[in-house]
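Notes for the one structure printed next.
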Amino acid sequence: MLIAVLDGMGGGLGSQVVAQLTAQMGEKVEVIALGTNALATNNMVRAGASRGATGENAVRVSLRRADIIVGPIGIVIPNAMMGEITPLIAEIVASSDASKILIPVNQNHFIIVGLEAKPLVTQIREAVARVAEIVREKEGKL
């Protein structure tokens with residue numbers, strides 16, 4: 001099963017997700033890093049992703065094979081993350097058949113309401129737990 005972690009900026013959130021996924025899921029899954037910039041990709045690979053790629057075309061090509069996509073909610077919002085999420089990246093992610101685990105991170109041009117305020121560490125832990133649950137469900141169907 002292929003899990004794509006998509007992040008931008010410095011890849012801090014993505015690095016934490018990658019580290020937890022690889023620690024908890026081990027060889028059950030392949031975790032790849034998709035960064036909107038080289039720094040984000042590099043940091044996620046250093047955190048344990050099996051491989052990484054950078055940029056809009058890398059996202060387009062790599063997400064074709066992904067079973068699960070994990071990242072901040074901004075990955076489905078055009079021009080989020082200070083413009084690093086292009087309209088095409090947002091469309092590719094949103095249109096993908098892969099399951100999407102989106103971590104609610106407020107940004108200065110959009111605010112998510114109706115969610116319980118939790119520390120980012122807790123949100124990442126919950127996202128990783130949900131990925132593990134999806135992997136178990138999909139393994140049971142094979």
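Note down all Cβ pairs under 7 Å where the first residue falls in the range 93-114 and is within 24 Å of S62 (Cβ to Cβ), the second is polar (S, T, N, Q), and they're at least six residues apart or on different chains.
I103/Q123; P104/Q123
Restricting attention to helices (runs of 4 or more DSSP H) lying wholly within the range 47-142, give those where 1 or more residues are surrounded by 14 or more Cβ atoms within 10 Å (Cβ to Cβ), modelled with pLDDT of 95 or more and among the polar types (S, T, N, Q).
It comes to 56-62.
Filter the range 35-46 down to the residues that are open to solvent by 10 Å² or more (accessible area, probe 1.4 Å) and not in a helix (DSSP H, G or I), then identify the one that is farthest from A98 (Cα to Cα).
N37
The values are calculated or read from the model by the stated rules, or taken from the named source; none is laboratory data. The structure displayed is predicted, hence computed values, not measured ones. Cβ coordinates were reconstructed from backbone atoms using ideal geometry, including for glycine residues, and neighbour counts include every protein chain displayed. Accessible surface areas use protein heavy atoms only, side chains included; no ligands, DNA or RNA. Shrake-Rupley method; radii C 1.70, N 1.55, O 1.52, S 1.80 Å.
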